[in-house]
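J.: Questions regarding the structure given below will be posed in turn.
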Amino acid sequence: MIELQNIFKYYTNGFLKTYVLQDLSLDIEEGEFVSVMGPSGAGKSTLLHILGMIDTPNEGEYVFFGEHVHKMNERRRTEMHREHIGFVFQSYHLIDDLTVYENLETPLLYKKIKGGERKSLVNDMLDRFQMVAKKDLFPSQLSGGQQQLVGIARALITKPKVILADEPTGNLNSKQSAEIMDLLSKLNEEEGTTIIQVTHSETNAEYGSRIIDLLDGRVVREGQEEVTAG
């Protein structure tokens with residue numbers, strides 16, 4: 001379903017190249033729950049942004065459901081992202097001047113879903129996340145944990161094929177964290193949604209069927225097997 005081949009991501013300053021991802025290859029099957037771990041600066045978030053078609057590699061190939069993402073123009077990548085991918089950002093990325101209800105409705109507007117169905121889907125999410133009483137509040141009126149819950153609900157509302165989650169429980173307490181991880185696990189098991197999460201939490205990582213460790217932009221371990229250079 002997802003194939004990355006020999007991905008390089010770097011930034012140039014004069015003649016100097018600073019590598020974020022180096023010769024990274026990765027296959028992810030439909031319906032997998034993959035956890036990506038590694039220290040700060042390992043390239044985890046950059047990998048997630050490339051998978052989510054928010055960023056592009058300098059070199060290498062990315063195939064998503066048989067389509068060559070690395071050959072797409074920006075407009076087509078944006079369409080693919082909106083159609084198939086739900087992204088949970090570590091820093092929420094809510095729209096400040098929209099209410100909770102309107103933030104949840106926005107991705108449905110992009111997909112041109114009709115008014116009655118939009119209302120039903122938004123109300124279902126508000127109910128599922130116990131946010132009915134907060135639907136008319138703005139992000140600035142919510143706690144960090146509440147904003148993260150809205151961000152997660154927004155990622156789920158379009159029922160995407162793939163959910164990419166960057167530290168999805170980083171701003172939640174332990175009870176909320178367990179609830180969100182259980183929800184993601186249920187989506188994966190019952191609906192077959194492919195989930196790729198970046199996490200520092202070993203507890204959260206264990207929800208995945210496979211753990212990938214990154215170091216200095218390279219895969220150094222997958223599951224229980226170390227990846228050797230060569």
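The values are calculated or read from the model by the stated rules, or taken from the named source; none is laboratory data. Since the structure is predicted, the reported quantities are computational estimates derived from the model, not experimental observations. Using ideal geometry, Cβ is built from the backbone for each residue, glycine included, and neighbour counts are taken over all protein chains shown. What goes into the accessible areas is simple: the full protein's heavy atoms, side chains included, and nothing from ligands, DNA or RNA. Shrake-Rupley method; radii C 1.70, N 1.55, O 1.52, S 1.80 Å.
J.: Starting from residues that are free of Cβ contacts under 8 Å to residues at least 60 places away in the same chain and among the charged types (D, E, K, R), keep the ones in segment 30-59 and report whichever is most open to solvent (accessible area, probe 1.4 Å).
T.: Per the criteria, the residue is Glu59.
J.: Can you say whether Asp96 is in a strand (DSSP E or B), loosely packed, with under 14 Cβ neighbours inside 10 Å and on the phi < 0 side of the Ramachandran plot, as far as the supplied structure shows?
T.: In short, no.
J.: Also, I was wondering about something else. Output the residue which, of all residues in segment 83-93 that are open to solvent by 70 Å² or more (accessible area, probe 1.4 Å) and either part of a strand (DSSP E or B) or in contact (Cβ under 8 Å) with a residue 12 or more places away in the chain (or both), is farthest from Lys135 (Cα to Cα).
T.: Glu83
J.: Restricting attention to segment 102-113, does a residue exist that is open to solvent by 80 Å² or more (accessible area, probe 1.4 Å), at pLDDT below 90 and out of contact with any Leu (no Cβ under 7 Å at 6 or more places or on another chain)?
T.: yes
J.: Would you point out which residue out of Val63, Val20, Val69 is within 19 Å of Glu167 (Cβ to Cβ) and either over 14 Å from the mean Cα position of the chain (by Cα) or buried (at least 17 other Cβ atoms within 10 Å of the Cβ) (or both)?
T.: Unique residue meeting the criteria: Val20.
J.: Testing Gln147 on (1) at pLDDT below 85; (2) under 27 Å from Gly41 (Cα atoms), one condition comes back false. Which one is that?
T.: (1)
J.: On the basis of being at pLDDT 90 or above, open to solvent by 70 Å² or more (accessible area, probe 1.4 Å) and at negative phi, does Arg75 make the cut?
T.: So Arg75 fits the description; yes.
J.: Oh, and also: Looking at segment 104-121, which of its residues are farther than 11 Å from Ile157 by Cα and part of a helix (DSSP H, G or I)?
T.: Answer for segment 104-121, where residues must be farther than 11 Å from Ile157 by Cα and part of a helix (DSSP H, G or I): Leu109, Tyr110, Gly115, Gly116, Glu117, Lys119.
J.: Let me ask something additional. Quick check on this structure: which one of Val132, Val122 is open to solvent by less than 10 Å² (accessible area, probe 1.4 Å), over 27 Å from Ser40 (Cβ atoms) and without any contact (Cβ under 8 Å) to a residue 40 or more places away in the chain?
T.: Val122
J.: Considering (1) at pLDDT below 90; (2) open to solvent by 30 Å² or more (accessible area, probe 1.4 Å), say which one Leu137 fails and leave the rest.
T.: (1)
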